[in-house]
1. So if I check each of 171, 182, 188, which one is surrounded by 14 or more Cβ atoms within 10 Å (Cβ to Cβ) and closer than 30 Å to residue 334 by Cβ?
2. Within region 359-403, considering only strands (runs of 3 or more DSSP E) that don't extend past its boundaries, which have at least 2 residues that are over 38 Å from the mean Cα position of the chain (by Cα)?
3. So, restricting to strands (runs of 3 or more DSSP E) that lie completely within region 132-245, which ones have at least 1 residues that are under 30 Å from residue 266 (Cα atoms), touching a helix residue (DSSP H, G or I) at 6+ places or on another chain (Cβ under 7 Å) and at pLDDT below 95?
4. If only one of 399, 329 is in contact (Cβ under 8 Å) with a residue 40 or more places away in the chain and at negative phi, which one is it?
5. From the list 317, 325, 371, which residue is surrounded by 16 or more Cβ atoms within 10 Å (Cβ to Cβ), in the same structural domain as residue 218 (by TED's automatic domain parsing) and under 24 Å from residue 245 (Cβ atoms)?
6. Quick check on this structure: which one of 332, 349, 310 is surrounded by 16 or more Cβ atoms within 10 Å (Cβ to Cβ) and farther than 30 Å from residue 385 by Cα?
7. Can we say residue 348 is touching a helix residue (DSSP H, G or I) at 6+ places or on another chain (Cβ under 7 Å) and not in a strand (DSSP E or B)?
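The values are calculated or read from the model by the stated rules, or taken from the named source; none is laboratory data. The structure displayed is predicted, hence computed values, not measured ones. Ideal geometry is used to build each Cβ from the backbone, glycine not excepted, and the neighbour counts take in all protein chains shown.
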């Protein structure tokens, strides 16, 4: 059975030498470890230093909750003789901080859980059998709860026949507040990066974290602009519940967004049923940006067709996509302390107006004149010039042949 070490149990005192070793590990955690960018390297370095200090750790994990659209948690797993590796848990798969695991029990009791594996039935926890089969004898699970409610933690295991001694455990206890603080810093940094990336996109989140947070700070860019719009969104969702309407929009996003990401585009806005994305042009890179945007639009529309053909006719939808190439101001707009990171400018408005034409012309993909100029290798049909709301001059638009 699992043995719980109560906080009231007398602690083993460290000898002067073990105390010196513990202080050396703590100094490393607040010094060199904070300069290491790879958490896998940190947990491996920690364990090797613990071994140098006489703690016979042969396996360790660091588990953290995430704030991610697709991932619930991750664990860094280190075993002596091998580099640490990361394991990611999806939202429906649980984590080391959930399920029938020692770390879950540690969180439930808010205690360190000590498991002497040879005396335990395999069904006690789902890790007991595999650890025993791998030759481990003693396992420790330590909970970490962050101020924001995230349930994280660490585990340590050894193959030593005697297990972890009282002094080994005392040394772990002495370094643990410092270790937990470092995990908190790293976990919150990751959460901040991933949450910002989810909501504002990859490059905007990097610019914001680097200090680009003042209103009016903009970067002038040249880019292929993609504007996608679901046709008759209001009519399609008028009879649906809010949950069903949300599911429909997410199916639409799942068709259009991955091809953009896969081809180096940046989705900047979800506007109800509208998607705004850019493919930035580098120096002398106009044609490449347009090729990537065209391929993304084509792949997205193929996904829509497959979605509608694969038993989804009851929730089928059609999409119109406009592609334009031009200039834009890329940066912060807003008022007071509430800002948004986006692209604005005449060419962004023009892409939106061309997308409006898709339904009127019964076309799934329309290209502006400036975009088709950079796509000469593709056969296109000239559909004529049209007056667009808010645009001074008539705009000639094109559609791919046979699309």
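1. Values: 171 fails: closer than 30 Å to residue 334 by Cβ; 182 fails: closer than 30 Å to residue 334 by Cβ.
After ruling out the rest, the residue left standing is 188.
2. 380-386, 395-400
3. Numbers: elements: 138-145, 151-158, 218-230.
Fully inside region 132-245 and qualifying: 218-230.
4. Working: 399 fails: in contact (Cβ under 8 Å) with a residue 40 or more places away in the chain.
Testing whether each residue is in contact (Cβ under 8 Å) with a residue 40 or more places away in the chain and at negative phi leaves just 329.
5. On the way: 325 fails: under 24 Å from residue 245 (Cβ atoms); 371 fails: under 24 Å from residue 245 (Cβ atoms).
Of the residues listed, the single one that is surrounded by 16 or more Cβ atoms within 10 Å (Cβ to Cβ), in the same structural domain as residue 218 (by TED's automatic domain parsing) and under 24 Å from residue 245 (Cβ atoms) is 317.
6. Values: 349 fails: farther than 30 Å from residue 385 by Cα; 310 fails: surrounded by 16 or more Cβ atoms within 10 Å (Cβ to Cβ).
Result of the check over 332, 349, 310: 332.
7. Details: touching a helix residue (DSSP H, G or I) at 6+ places or on another chain (Cβ under 7 Å): no; not in a strand (DSSP E or B): yes.
It is false that residue 348 is touching a helix residue (DSSP H, G or I) at 6+ places or on another chain (Cβ under 7 Å) and not in a strand (DSSP E or B).
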